[in-house]
Amino acid sequence: MFPKLSPREVEVLVLYCSGVLRHEIALELHITVCTVNHHLSKAMHKYELERYSELRQLFHLKFINKLVAE
């Protein structure tokens, strides 16, 4: 089972995993880069991950599994 992410964490994660740079995410969502990093760090902590690359891989797997299940 996947931990529950906040709506804002999901928003940041979707953009980040789509290849959008952190400063671009900040501009688009009207938040600071520090806040972007905070949301990514919280998501990593919830999934017990150590690297941002692991977060991207996990997100893509979760998204693919959801598509297959539908």
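The values are calculated or read from the model by the stated rules, or taken from the named source; none is laboratory data. Since the structure is predicted, the reported quantities are computational estimates derived from the model, not experimental observations. Using ideal geometry, Cβ is built from the backbone for each residue, glycine included, and neighbour counts are taken over all protein chains shown.
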Kindly list, by first and then second residue, each pair from a residue in the range 22-36 that is of a type outside the set (A, V, I, L, M) to a residue that is surrounded by 13 or more Cβ atoms within 10 Å (Cβ to Cβ) and not in a helix (DSSP H, G or I), limited to pairs with Cβ atoms under 8 Å and residues at least 6 apart or on different chains.
-> E28/V20
Which of the residues that make up the range 23-55 are modelled with pLDDT of 95 or more and of a type in the set (S, T, N, Q)?
-> T32, T35, N37, S41
In the range 43-52, which residue that is part of a helix (DSSP H, G or I), touching a Leu at 6+ places or on another chain (Cβ under 8 Å) and not aliphatic (A, V, I, L, M) is surrounded by the most Cβ atoms within 10 Å (Cβ to Cβ)?
-> Y52
If you scan the range 10-40, which residues turn out to be under 8 Å from the mean Cα position of the chain (by Cα) and either buried (at least 16 other Cβ atoms within 10 Å of the Cβ) or not in a helix (DSSP H, G or I) (or both)?
-> E11, V12, L13, L15, Y16, C17, H39, L40
